[in-house]
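Step one of this worksheet: look at the structure below.
The values are calculated or read from the model by the stated rules, or taken from the named source; none is laboratory data. Predicted model, so just to flag it, every value in this text is computed and none were measured. So basically every Cβ, Gly included, is an ideal-geometry build from the backbone, and we count neighbours across all protein chains shown.
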Amino acid sequence: MRILPVRVFRPMFHYATAFYLAMPKEVLFPMYDSKTQVSPDPKVFERGRPDRVLLVDDETASVEALDIQLRLQGFEVVLVTTGREALDIARSWHPDAIVLDLCLPDISGLEICQELAANVSTADIPVIILSGMEGADIVRRCRAAGGMYYIAKPYDPNVLLLLISEAVAEHRLWHETTLPDDQ
């Protein structure tokens, strides 16, 4: 059973309704069967490995659908719930993109961005910030900390998937044009 947060906006009436939807995973994601192996697009393996995405959110239910969609598209995905885990995985696994929530239980997403940007081995990883906070000030602070894109929750999954693909493509292009062939 999966519990997913749902928010319905009614702009013309100036109100929103929020509730939780609990359904079996097979109903929510009928195309996903944990026993079935998904064959990713062969172009994903042009670099010798699938593109990697690190998802960082303490509310895993809010990114489980994204995790499944990315895996179905051939991405290798790791989902963590704390900032320290995110920093450790980023340094050792070197993902091609990070989707990061700002509000984590141990350290803030802004601190994570700053630490990633300050470390030579992780400074090139594009960070997409996904948060419930809104406003021009928070977007400026995220950009100053090293975030590439900012998306407010609730988000359009298609827009987020597009931004992840763009960030990964830019990361790949940067590596292909700036790093020597032996790396």
When the residues of segment 73-96 are narrowed to those that are assigned to a strand (DSSP E or B) and not β-branched (Val, Ile, Thr), which ends up farthest from LEU162 (Cα to Cα)? LEU79
Might you let me know whether segment 41-62 holds any residue that is modelled with pLDDT under 90, of a type in the set (Gly, Ala, Ser), buried (at least 16 other Cβ atoms within 10 Å of the Cβ) and assigned by TED's automatic domain parsing to the domain that holds THR122? yes
On the basis of being buried (at least 18 other Cβ atoms within 10 Å of the Cβ) and assigned by TED's automatic domain parsing to the domain that holds ALA90, does LEU110 make the cut? yes
Could you give me the residue pairs with C-beta distances under 9 Å whose first residue belongs to segment 155-174 and is assigned by TED's automatic domain parsing to the domain that holds ILE98, whose second residue is modelled with pLDDT under 90 and small (Gly, Ala, Ser) wherever it lies, and which are 6+ apart or on separate chains? PRO157/ALA65
So GLU111 ticks every box in (1) more than 12 Å from the chain's Cα centre (by Cα); (2) modelled with pLDDT under 95; (3) more than 18 Å from ALA167 (Cα to Cα) but one. Which box is left unticked? (2)
With a cut-off of at least 1 residues that are under 16 Å from VAL63 (Cα atoms) and touching a His at 6+ places or on another chain (Cβ under 7 Å), name the strands (runs of 3 or more DSSP E) lying wholly within segment 97-183. 97-100
Pairs where the first residue, in segment 63-78, is within 14 Å of PRO157 (Cα to Cα) and the second is surrounded by fewer than 18 Cβ atoms within 10 Å (Cβ to Cβ) and basic (Lys, Arg), C-beta under 9 Å, 6+ apart: GLU64/ARG2; GLU64/LYS25; ALA65/ARG2; ILE68/LYS25
